[in-house]
Structures are given as C-alpha cells and as structure tokens.
1. Within segment 63-118, which residues are among the basic types (K, R) and more than 20 Å from K209 (Cβ to Cβ)?
2. Which of the residues spanning segment 115-129 are among the hydrophobic types (A, V, I, L, M, F, W, C) and either outside any helix (DSSP H, G or I) or touching a Cys at 6+ places or on another chain (Cβ under 7 Å) (or both)?
3. For segment 123-130, does any single residue satisfy the condition of being touching a helix residue (DSSP H, G or I) at 6+ places or on another chain (Cβ under 7 Å), among the polar types (S, T, N, Q) and in contact (Cβ under 8 Å) with a residue 12 or more places away in the chain?
4. Looking only at segment 77-124, how many residues end up being open to solvent by 20 Å² or more (accessible area, probe 1.4 Å), β-branched (V, I, T) and touching a Leu at 6+ places or on another chain (Cβ under 8 Å)?
5. For segment 184-207, how many residues meet the condition of being out of contact with any Ser or Thr (no Cβ under 7 Å at 6 or more places or on another chain), at pLDDT 95 or above and assigned to a helix (DSSP H, G or I)?
6. Just need a number here: residues in segment 194-238 that are among the β-branched types (V, I, T) and under 18 Å from D175 (Cα atoms).
7. Is it true that M205 is closer than 21 Å to D12 by Cα, without any contact (Cβ under 8 Å) to a residue 24 or more places away in the chain and either touching a strand residue (DSSP E or B) at 6+ places or on another chain (Cβ under 8 Å) or of a type in the set (A, V, I, L, M) (or both)?
8. From R231, R238, R148, which residue is at pLDDT 95 or above and either part of a helix (DSSP H, G or I) or open to solvent by 20 Å² or more (accessible area, probe 1.4 Å) (or both)?
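The values are calculated or read from the model by the stated rules, or taken from the named source; none is laboratory data. Bear in mind the structure is a predicted one, so any value in this text is a computation, not a measurement. Here the Cβ positions follow ideal geometry from the backbone for every residue, glycine too, while neighbour counts run over all protein chains shown. Only protein heavy atoms, including side chains, enter the accessible area calculation; ligands, DNA and RNA are left aside. Shrake-Rupley method; radii C 1.70, N 1.55, O 1.52, S 1.80 Å.
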Amino acid sequence: MGDFKWRHFRWDVILWAMRLYCRYGISYRDLETMLAERGVSVDHSTIYRWVQRYAPEMEKRLRWYWKRPSFFHSWRVDETYIKVQGKWAYLYRAVDKGGDTIDFYLSPTRNAKAAKRFLGKALNGFKDWQKPETINTDKAPTYGIAIRELLKEGKLPNTVEHRQVKYLNNVIEADHGKLKQLIKPVHGFKSLKTACATIRGFEIMQALKKGQAKFFQFQEDIMGEVRLIERQLGVFSR
C-alpha cells in the first residue's frame, strides 16, 4: 500500500471517491455529500487532490490493459475543445472503427506539430502489423502534414491510407459527447496540468466502461473493473 502511505483516509475510500468521480461525471461537492452520507467527512478540495494524484497513476498502470491492438485497422481521429484558464485547449483523440479508445493527447495548440505529436504517441508501442491501414480525419490540413512526416520517419507503414470522409468520424464525435458529459461538472480547468491529470482519469474509466480490459477482469460485472484497478495499484479488498 505504498501509494497510499501516510494518507489520512483509508485506501478504499480514496479509490472509491476517485473512481466514482472519473466514471460518472459528478462534481467534487456532490461527491463530498455522497461521502458524508456514508459517514466519511472529507472536503471536496481533498477529493480534488486525490484525483490529481491518483488518476494519472491509474491510467499509467492500466494503459497496458486497455491500449491493446485493435481488431479494426481503421482509426478515427479528431479533436475536441476543452476550456482551460478561460481559453480553449485541444483534446486530440483516436478511436477505432468499433469505438474503442486508442489514445488521447491534450495540447494548448491546434497545428501540425500537435497533430504529429499525438499520432506519434498513439502509435507508440505498436508493431507494424498492429498499426492502422486507414486513418480518417476531418479536412484540417494539419493531419495530412503530420501523416506525411510520420511516413517519412517510418513510423507509419507505407500502405496507410489517409481518408477525409466526414460521416466516418460520427463514431468519434459520439464518443466526444460521452466524454464531455464527464467534463461538464468541472466548469473549466485551472491549468493544463490539472486538466491533463483529470482527463487521464476520465479516459481510462471510459475505456474500462467500454470493456477494453474485460479479458483481464476476473469478474464480468462492475466489481471486475474495481478489482482490476485495485490490483494494479497494489491494494486488495475482500
């Protein structure tokens, strides 16, 4: 339980609060009330610190389980807008044809450099035969530039096809909507760092909700998800 050492609350309380916040799209104050109903008195600012500390760690340790090569070799790539310090930041996201999350990347800018950095991150760890055969984007020229540069560097197979068909991205636009439901109670992030940490928690819980790690869960219901998170964070409940 090294990750939870010296905390004033038990690890199961911390994980319960963090998981609920990242999975169900509730405010910190509502979660404070829910904890109080269960006899746990904790300030909403403390829950915020738990999310900032443990959500990135949860995503990091579970990444191997949810970021698996897709059966569909067609990627849908798009970006959505996130409010950070009163300004727009850009959340680049990729899903496969079936809607499973491939990767995400939060950037303060929307240009070819950011698009390339995101696609490079998404491709990281994949062997050539696991990489996409097609990448579908909108008509923004930044993606075309990024894909051409990755081809030159050998990070994409020469056979990859870049398509710009609007209706094919309906699946990722719908997925944006589900993520925005989680982000809505935040009412804007205070910094790019806090936004990134929180979104990592949202994205991992969405991926688990889609069943992307179900092969590694010992139970098929929600408790299988809970136990998987506990195991990867080095704690166990009865």
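1. K83, K87, R110, K113, K116, R117
2. The answer is F126, and nothing else.
3. Residues of segment 123-130 that are touching a helix residue (DSSP H, G or I) at 6+ places or on another chain (Cβ under 7 Å), as a first pass: none.
No; the residues of segment 123-130 include none that is touching a helix residue (DSSP H, G or I) at 6+ places or on another chain (Cβ under 7 Å), among the polar types (S, T, N, Q) and in contact (Cβ under 8 Å) with a residue 12 or more places away in the chain.
4. 0
5. Summing the residues that are out of contact with any Ser or Thr (no Cβ under 7 Å at 6 or more places or on another chain), at pLDDT 95 or above and assigned to a helix (DSSP H, G or I) in segment 184-207 gives 13.
6. Final tally of qualifying residues: 3.
7. On the way: closer than 21 Å to D12 by Cα: yes; without any contact (Cβ under 8 Å) to a residue 24 or more places away in the chain: no; either touching a strand residue (DSSP E or B) at 6+ places or on another chain (Cβ under 8 Å) or of a type in the set (A, V, I, L, M) (or both): yes.
Criteria not met by M205.
8. Of R231, R238, R148, the one residue that is at pLDDT 95 or above and either part of a helix (DSSP H, G or I) or open to solvent by 20 Å² or more (accessible area, probe 1.4 Å) (or both) is R148.
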